[in-house]
Each structure stands twice: as structure tokens, then as C-alpha cells.
Amino acid sequence: MLSIRESLCRAGKLPRTDHVLRERARLLAEEDRDLVEAVLLSGEPVDRVARLKGMTPRAVRHRLHRLGGRMRSKRFRQILRVRRYLAPADAEIATRRYCHGLSLEALAAERGMTLHALRRRLDAIAAQVRLLVDGVNGRRRGA
């Protein structure tokens, strides 16, 4: 039987190197990052982590699968690549939404914005991200 780490890496096409996984986990919310680091990077048994977190092993595995899906999503990888080029407020909004997985409602309440204003801001951020990603890809192709 495969370890949970190997199973997630194979199924989710996550990188198998600790460096890349740690870099992606860095953008997760603290609680999610702790879970990923404990199970995937440190190799702690799921049962032990579940007991410490007050969760069932099944819930831990399910959460890890969801986090794996988030970490391999196109949007997550784009934010990872270009967030340092965004305005700090925009980088924070993008990180909270696409890396931490905050709902639109929770993010709007946290930022003191209406849903409409938040959606418009996210659209503007997405346009900036597309331009930045195209610029980074263009530089790589031209080099």
C-alpha cells in the first residue's frame, strides 16, 4: 500500500520534491500548512495527526486531497509565481481567495467590501495575473 504522500503525489500530480511542496504549502492557511507539513513533508502517520487535530483519519485524508487539488490548480500556481509583482493588497486578496480557499462571502466580510466590489477587484487582479504570467512566459521563451 502506498503512503498517503505518494498516493497524493501520484493522483494529484503534485511535485515529489520536498522543496517544491514546501514552497506551495507556504501559501496555504496556517492550519492547512501544518497539516500538509506534518503528513506530506514530515511523514507523520495520518492516525497520529488526526488524533492531535481532533479529527478522524478519513477527514484528514479528505482534507489533504482537497488541499492537493488546490495546490495543483492553475490559479494557485499562477499566484505563487507572480504574487511578488502584485500590489500588497492585491496579493493578499488573491492569496486569501485562491491559496487559502476563503469563500467570496468570508473574504468580502474580512475586507469590509461588498460582494460586487470584491468580484470586480478579483477580476482586475486576474487580468494583472494574466499579464504577468504572459510576461514571465515570454521572457522564458525569449531567453
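The values are calculated or read from the model by the stated rules, or taken from the named source; none is laboratory data. All figures in this text were calculated on a predicted structure; none of them were measured in a lab. For neighbour counting, all protein chains shown are included, and Cβ atoms are generated from backbone atoms with ideal geometry for every residue, glycine included.
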_Looking at (1) hydroxyl-bearing (Ser, Thr, Tyr); (2) loosely packed, with under 14 Cβ neighbours inside 10 Å; (3) under 8 Å from the mean Cα position of the chain (by Cα), which one does SER103 not meet, given that it meets all the others?_
(3)
*Could you give every pair whose Cβ atoms fall below 6 Å, whose first residue belongs to the range 39-60 and is touching a residue at least 12 places away in the same chain (Cβ under 8 Å), and whose second residue is of a type outside the set (Gly, Ala, Ser) and surrounded by fewer than 16 Cβ atoms within 10 Å (Cβ to Cβ), counting only separations of at least 6 or pairs across chains?*
LEU41/ASP18; VAL46/PRO57
*Within the range 67-81, identify whether any single residue is among the small types (Gly, Ala, Ser), closer than 19 Å to GLU30 by Cα and in contact with a Leu (Cβ under 9 Å, 6 or more places away or on another chain), and answer yes or no.*
yes
_I'd like the residue in the range 68-91 that is more than 16 Å from VAL20 (Cα to Cα) and exposed (fewer than 14 other Cβ atoms within 10 Å of the Cβ) and, out of all such residues, is nearest to the chain's Cα centre (by Cα)._
ARG84
*Could you give me the residue pairs with C-beta distances under 8 Å whose first residue belongs to the range 117-134 and is on the phi < 0 side of the Ramachandran plot, whose second residue is not in a helix (DSSP H, G or I) wherever it lies, and which are 6+ apart or on separate chains?*
ARG121/MET113; ILE125/LEU86; GLN128/LEU86; VAL129/LEU86; LEU132/LEU86
*Of everything in the range 23-44 that's over 18 Å from ARG97 (Cα atoms) and small (Gly, Ala, Ser), which residue is surrounded by the most Cβ atoms within 10 Å (Cβ to Cβ)?*
ALA38
*Positions within the range 59-103 being small (Gly, Ala, Ser) and at pLDDT 95 or above, in sequence order*: ALA87, ALA89, ALA91, ALA94, SER103
_Within the range 94-108, does at least one residue satisfy the condition of being touching a Gly at 6+ places or on another chain (Cβ under 9 Å) and among the aliphatic types (A, V, I, L, M)?_
no
